[in-house]
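Read through the structure below, which is laid out as structure tokens, and then see the notes.
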Amino acid sequence: MLYERKKILIQRVIWGILLAIGILVPVILAFQHADYYDWYFAFYFFDIFVLAFFICALFLSHKAYDYEGKTIIVYAGFYHHYLKVDGEIMDEHNTLTSFTAIPLSCTLDDGAVLHATITMTNRISLKINDRLYKNYKKGI
């Protein structure tokens, strides 16, 4: 399994567990101690915060492509966005928020020009020599 895929899975699991804890603890406290109303209020703020990060974690993405024996990976995370060719980062963009699409590009040794675009919702598209490329690697 690819490093990027593991990273996304781990972030989704962590935020999902925190969300489950934030929902279950007030429910358990409600059944055991009805006089802890202030704790419930604090957990609702915690739940809203964690829910926002959990939803953002669902938007994290990566795509792996195969182009003439080269593995091209485009990763769109919380902060890091990068274009990697055969394990070497060719272009990256680091930002917490972006109100426009993030363009990443590089030129391969054979002269092929790669243009990856990451939208505001972390959807990824790749163009090679100004043509949309959809040859995804299976199982990654």
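The values are calculated or read from the model by the stated rules, or taken from the named source; none is laboratory data. Nothing here was measured: the structure is a model prediction, and the numbers come from that model. Ideal geometry is used to build each Cβ from the backbone, glycine not excepted, and the neighbour counts take in all protein chains shown. We work out accessible area using only protein heavy atoms, side chains counted, and drop any ligands, DNA or RNA first. Shrake-Rupley method; radii C 1.70, N 1.55, O 1.52, S 1.80 Å.
For segment 66-115, the alpha carbon convex hull comes to 69 Å³ per residue, rounded to a whole number. With the helix formula -39500 (n - 2.57) applied to DSSP H stretches of n ≥ 4, the chain reaches a computed 222 nm mean residue ellipticity of -13000 deg cm²/dmol. The relative contact order of the chain, computed from alpha carbon pairs under 8 Å that lie at least 6 residues apart in sequence, is 18 percent.
The mean accessible area for residues of the chain, using a 1.4 Å probe and ignoring ligands and nucleic acids, is 65 Å² per residue. Remark on the chain: hydrodynamic radius 17.2 angstrom, per the Kirkwood mean of 1/r across alpha carbon pairs. Axis angle, to the nearest 10 degrees, between helix 37-58 and the longest C-alpha principal axis of the chain: 10 degrees. When the surface is traced with a 1.4 Å probe over the full set of protein chains, T121 keeps roughly 70 Å² accessible. Any chance you could give the angle, 0 to 90 degrees and rounded to 10, that helix 3-32 forms with the longest Cα principal axis of the chain? The angle comes out at about 10 degrees.
The charge dipole of the chain, taken about the Cα centre with unit charges on the Cβ atoms of Lys, Arg (+1) and Asp, Glu (-1), comes to about 460 debye, rounded to the nearest 20. Within the accessible area of the chain, the carbon and sulfur atoms contribute 63%, probe 1.4 Å, all protein chains present. Annotation: extensible slack from F59 through S98 equals 12.6 nm (criterion: 0.36 nm per residue apart, minus Cα-Cα distance).
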